[in-house]
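All of the numbers you see were taken from the coordinates with simple rules; none came from a lab. Treat the numbers as computed from the prediction; the structure is a model and nothing was measured. Here the Cβ positions follow ideal geometry from the backbone for every residue, glycine too, while neighbour counts run over all protein chains shown.
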Amino acid sequence: MFEFIAVLSASIESLAVGLSWALVTIFPFLPESLPEHPETVMIVIGFGGQFLFAMRFIIQWITSERENRSVIPIAFWYFSIGGGMVLLLYAIWRQDPVIIFGQGLGLFIYLRNLYFVSRDRRQQKQDFPE
């Protein structure tokens, strides 16, 4: 299992190097040494995942304030999935089994909840056609 994670980590790092080369080519003001330091790109990606993950709470808070009750909007689940996937990618790159397990389990739960929301909406359309 750890060998598989190491292979995935190396693949992610190769993608980060490729992304670094593309960024340096597109934005010539970036340092030419960026491809030699893929961890810089990966840290930015990790913070991006944290931002997506944090947005779910902000969206939930705003929606709940607007409705004056606790509400979990569908966007909460989409931001959870997006943030979870990016953080899982980052965790695999870091080869951190604790975060990999947590984000992997979280992704399963977010996807399952989104399935329930979708199923309930389909059922509601069948019960109350417009």
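Taking 1 over the mean of 1/r across every pair of different Cα atoms in the chain, what Kirkwood radius in Å do you get? One decimal place: 17.0 Å for the Kirkwood radius. Peptides 41-49, 117-125 ranked from most to least packed by the mean count of surrounding Cβ atoms within 10 Å: 41-49, 117-125. Here's how it looks for V71: its modeled amide H is under 5 Å from those of S64, which are all 5 or more places away or on a different chain.
Considering only alpha-carbon pairs that sit under 8 angstrom and 6 or more positions apart, the relative contact order computed for the stretch 38-127 is 28 percent. Net charge of the neighbourhood of D120, taken over other residues with C-beta under 15 Å away and scored Lys/Arg +1, Asp/Glu -1, is +4. The local environment of G102, defined by Cβ-Cβ distances under 13 Å, has a net charge of 0 under the rule Lys, Arg +1 and Asp, Glu -1. Neighbours of V24, meaning other residues whose beta-carbon lies under 11 angstrom from its beta-carbon, give a summed charge of -2 when Lys and Arg score +1 and Asp and Glu score -1.
Shown for the chain are the DSSP H helices of 18 Å or more along their axis, judged by Cα atoms, with a mean Kyte-Doolittle hydropathy of at least 1.0: 2-26, 74-94. Estimated from helices alone, the mean residue ellipticity of the chain at 222 nm is -29500 deg cm²/dmol (sum of -39500 (n - 2.57) over DSSP H runs with n ≥ 4, per residue).
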